[in-house]
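Colleague: Could you have a look at this structure, given as structure tokens, before my questions?
The values are calculated or read from the model by the stated rules, or taken from the named source; none is laboratory data. Here the structure is a predicted model, which is why all the values come from computation and not from measurement. Ideal geometry is used to build each Cβ from the backbone, glycine not excepted, and the neighbour counts take in all protein chains shown. The accessibility values were calculated without ligands, DNA or RNA, using every heavy atom of the protein model including side chains. Shrake-Rupley method; radii C 1.70, N 1.55, O 1.52, S 1.80 Å.
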Amino acid sequence: MSDPRTDLVEAGRALTAAGLSPGSSGNLSVRVGNRLYLTPTGTRLDDLTEDGLAVLDADAPVAAPLAVAHLSGPRPSKEFPLHLALYHRDPEATAVVHLHSAHAAAYSCLPAWSERSAVPPLTPYFVMRVGQTPLVPYAAPGDVPQAERLGELDFPFRAALLQNHGPVTSGPDMAAAVDAAVELEETSRLLLLLGGRDPRLLTAAEAGHLAERYGSHWDAHPGAVTLPAPA
């Protein structure tokens with residue numbers, strides 16, 4: 001069994017090589033028992049080492065001051081409340097990926113498709129690997145109330161778009177969280193390529209069947225709206 005910290009380091013290199021983590025943007029974490037290993041602030045994802053991660057108390061409240069949550073290692077990313085919120089809401093999650101990947105970040109600037117998913121069911125793999133992805137209203141990076149709102153949403157999801165910011169995904173392991181982040185980026189790219197057109201989306205029955213078969217989250221979306229046209 002691989003060390004989750006090694007999985008994190010390898011994911012950082014892969015995401016940077018794929019062009020999904022420009023500069024020092026983005027942050028990754030893994031949960032091991034009651035410890036959360038998180039990328040340090042201001043660190044490129046392709047410069048990570050297993051021994052150079054910040055260590056936090058995974059059981060700390062989302063609103064805990066840094067001095068309380070931070071146990072050892074370098075200063076963590078300012079987004080640590082976001083990571084804590086996702087772990088608290090999903091006991092099965094052991095990895096979180098937050099990126100500023102271009103297409104997903106661009107799509108986060110557009111109106112949501114529905115109340116429960118900013119992104120419509122355009123492809124089978126989006127439903128299978130990502131599932132419903134709520135749009136979380138804008139707040140400055142590291143904002144605790146935003147993280148608390150994310151954690152308190154009363155429906156299941158493993159990915160979200162932070163408005164005017166970018167995507168965040170979680171999963172039972174780092175590979176699943178990365179796959180979701182990559183698929184969310186690709187689906188956002190396809191939607192932007194479609195522009196203001198009215199594409200065929202998967203039906204509620206088709207999306208529901210895929211979600212049930214692959215263990216993702218997808219609810220009926222009676223409040224879905226017309227896809228927005230990019231400016």
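Colleague: Being more than 14 Å from residue 98 (Cα to Cα) and within 14 Å of the chain's Cα centre (by Cα) is the filter here, so list the residues in region 147-159 that pass it.
Modeller: Matches in region 147-159: 151, 156, 157.
Colleague: Tell me, yes or no, whether region 75-87 has at least one residue that is open to solvent by less than 10 Å² (accessible area, probe 1.4 Å), assigned to a strand (DSSP E or B) and of a type outside the set (S, T, N, Q).
Modeller: Yes, the conditions are met somewhere in region 75-87.
Colleague: While we're looking at this one, here's another question. Give the residues of region 15-46 that are in a loop (DSSP other than H, G, I, E, B) and among the charged types (D, E, K, R), sorted by residue number.
Modeller: Correct list: 44, 46.
Colleague: Could you check how many residues of region 153-184 are under 22 Å from residue 38 (Cα atoms), among the acidic types (Asp, Glu) and assigned to a helix (DSSP H, G or I)?
Modeller: Adding up the residues that qualify gives 1.
Colleague: Still on this model: Residue by residue through region 91-116, note down the ones that are assigned to a loop (DSSP other than H, G, I, E, B), under 13 Å from the mean Cα position of the chain (by Cα) and more than 15 Å from residue 166 (Cβ to Cβ).
Modeller: Scanning region 91-116 gives 93, 94.
Colleague: Here's a follow-up. Quick one: would you say residue 94 is of a type in the set (Val, Ile, Thr) and open to solvent by 10 Å² or more (accessible area, probe 1.4 Å)?
Modeller: So residue 94 passes the test.
Colleague: Picking from 11, 54, which residue would you name as being in contact with a His (Cβ under 8 Å, 6 or more places away or on another chain) and surrounded by 15 or more Cβ atoms within 10 Å (Cβ to Cβ)?
Modeller: Being in contact with a His (Cβ under 8 Å, 6 or more places away or on another chain) and surrounded by 15 or more Cβ atoms within 10 Å (Cβ to Cβ) holds for just one of 11, 54, which is 54.
Colleague: So, one more: Give 141, 145, 137 a once-over and let me know the one that is in contact (Cβ under 8 Å) with a residue 60 or more places away in the chain and surrounded by fewer than 19 Cβ atoms within 10 Å (Cβ to Cβ).
Modeller: Just one listed residue meets the conditions, 141.
Colleague: Let me ask another. Taking into account only those residues within region 185-217 that are acidic (Asp, Glu) and outside any loop (DSSP other than H, G, I, E, B), which is most open to solvent (accessible area, probe 1.4 Å)?
Modeller: 212
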